[in-house]
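Undergrad: The structure is given below, and queries will be raised subsequently.
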Amino acid sequence: MTETTATRSSALGQPLVVLSGVNKHFGDLHVLKDINLTVREGEVVVVIGPSGSGKSTLCRTINRLETFESGSITIHGTELPKEGKALAKLRADVGMVFQSFNLFHHKTILDNVTMGPIKVRGLKPAAAKERAMELLKRVGVDHQAHKYPAQLSGGQQQRVAIARSLAMDPTVMLFDEPTSALDPEMINEVLDVMTTLAHSGMTMIVVTHEMGFARKAADRVVFMSDGAIVEENTPEEFFTNPQSTRAKDFLGKIL
Ligand code: ADP
Ligand code: MG
């Protein structure tokens with residue numbers, strides 16, 4: 001790794017995802033507390049924090065899988081749409097990769113990747129197929145295109161899930177603990193695909209506790225605890241010199 005954080009940061013563009021004063025409750029639980037976060041074009045932000053701190057809810061809120069009560073979220077300066085075609089377009093623009101892959105099990109790998117572009121983006125089947133094969137090749141599973149998800153390993157399925165999101169030409173990609181359901185020997189093959197994607201200039205918000213990935217690929221680490229952003233810093237600074245007691249405690253447990 002020769003690229004420094006400084007050169008990566010200088011390549012960052014305009015604010016892409018902007019959360020200002022976002023608050024959300026689940027009943028009495030204040031799950032997102034006054035969240036302010038700006039992610040710039042090309043930036044890779046790693047979100048870490050203890051279980052239950054609100055990381056998944058943050059991702060789901062950005063994708064509008066969850067509503068929120070106050071504050072605003074904009075993508076390229078536009079408020080998140082609430083319904084209809086605009087919401088479907090938002091979901092295509094904001095790709096999301098989950099812990100549990102979420103592939104369609106009764107569809108082939110190829111169909112998993114072509115479905116969205118055909119239905120939502122209006123691509124012709126032949127064009128969607130060509131693009132899908134290109135993406136499957138990029139994540140190293142093109143030879144599995146005609147198989148079904150259950151015939152693939154977890155690592156391969158997660159790489160298909162990444163290809164499926166990329167097929168929609170997203171402006172930003174959200175990853176919610178993409179490797180935490182994988183057997184250890186499959187973690188790196190997924191992280192390698194994500195690292196390549198990060199270096200290709202994709203804007204990414206990644207919830208993960210994989211410190212190696214954060215150090216290699218992240219511009220910034222955001223530490224959440226109890227629904228709030230407690231600390232943010234470059235990976236180098238955050239991991240070697242955490243400021244808050246909560247971050248120190250957390251790193252003490254996972255490192
Ligand atoms: P993390 O991803 O950091 O582990 P989550 O965002 O999943 O945290 O959850 C944050 C808190 O919100 C937890 O206390 C969790 O139990 C609660 N929570 C998450 N989803 C719901 C829901 N749909 N209804 C009620 N409480 C929820
Ligand atoms: Mg979570």
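The values are calculated or read from the model by the stated rules, or taken from the named source; none is laboratory data. From a predicted model like this one, the values you see are computed outputs, not experimental measurements. No Cβ is skipped: glycine too gets one built from the backbone with ideal geometry, and neighbour counts run over all protein chains shown.
Undergrad: Only residues that are under 19 Å from residue 255 (Cα atoms) and either in a helix (DSSP H, G or I) or away from ligand 1 (no atom under 16 Å from the Cβ) (or both): list them for the stretch 189-211, please.
TA: 191, 211 - these are the residues of the stretch 189-211 that are under 19 Å from residue 255 (Cα atoms) and either in a helix (DSSP H, G or I) or away from ligand 1 (no atom under 16 Å from the Cβ) (or both).
So that you can scan it fast, the table gives a plain yes or no per residue for (1) within 16 Å of ligand 1 (Cβ to nearest atom); (2) among the β-branched types (Val, Ile, Thr); (3) outside any helix (DSSP H, G or I); (4) closer than 27 Å to residue 21 by Cβ:
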| position | (1), (2), (3), (4) |
| --- | --- |
| 140 | no, no, yes, no |
| 165 | no, no, no, no |
| 170 | no, no, yes, yes |
| 187 | no, yes, no, no |
| 250 | yes, no, no, yes |
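Undergrad: For the stretch 142-163, what are the residues that are in contact with a helix residue (DSSP H, G or I) (Cβ under 7 Å, 6 or more places away or on another chain), among the hydrophobic types (A, V, I, L, M, F, W, C) and either part of a helix (DSSP H, G or I) or crowded, with 22+ Cβ neighbours inside 10 Å (or both)? Steps first, please.
TA: Taking the stretch 142-163 as the starting set, the residues that turn out to be in contact with a helix residue (DSSP H, G or I) (Cβ under 7 Å, 6 or more places away or on another chain) are 142, 144-147, 149, 152-160, 162-163.
From what's left, among the hydrophobic types (A, V, I, L, M, F, W, C): 145, 152, 160, 162-163.
Once the filter is applied, which keeps residues that are in contact with a helix residue (DSSP H, G or I) (Cβ under 7 Å, 6 or more places away or on another chain), among the hydrophobic types (A, V, I, L, M, F, W, C) and either part of a helix (DSSP H, G or I) or crowded, with 22+ Cβ neighbours inside 10 Å (or both), the stretch 142-163 yields 160, 162, 163.
Undergrad: Here's a follow-up. Six or more apart or on different chains, Cβ under 6 Å: which pairs go from a residue in the stretch 42-64 that's within 21 Å of residue 249 (Cα to Cα) and part of a loop (DSSP other than H, G, I, E, B) to one that's modelled with pLDDT of 95 or more and within 9 Å of ligand 2 (Cβ to nearest atom)? Could you list them?
TA: Once the first residue is within 21 Å of residue 249 (Cα to Cα) and part of a loop (DSSP other than H, G, I, E, B) and sits in the stretch 42-64, its partners that are modelled with pLDDT of 95 or more and within 9 Å of ligand 2 (Cβ to nearest atom) give 49/55.
Undergrad: Among what's in the stretch 108-132 and is within 16 Å of residue 166 (Cβ to Cβ) and not in a helix (DSSP H, G or I), pick the residue that is modelled with the highest pLDDT.
TA: Per the criteria, the residue is 123.
Undergrad: List pairs: first residue in the stretch 159-185 and farther than 16 Å from residue 195 by Cβ and in contact (Cβ under 8 Å) with a residue 60 or more places away in the chain, second residue part of a loop (DSSP other than H, G, I, E, B) and among the aliphatic types (A, V, I, L, M) anywhere in the structure, Cβ distance under 7 angstrom, at least six positions apart or on different chains.
TA: Filtered contacts from the stretch 159-185: 161/103; 168/120.
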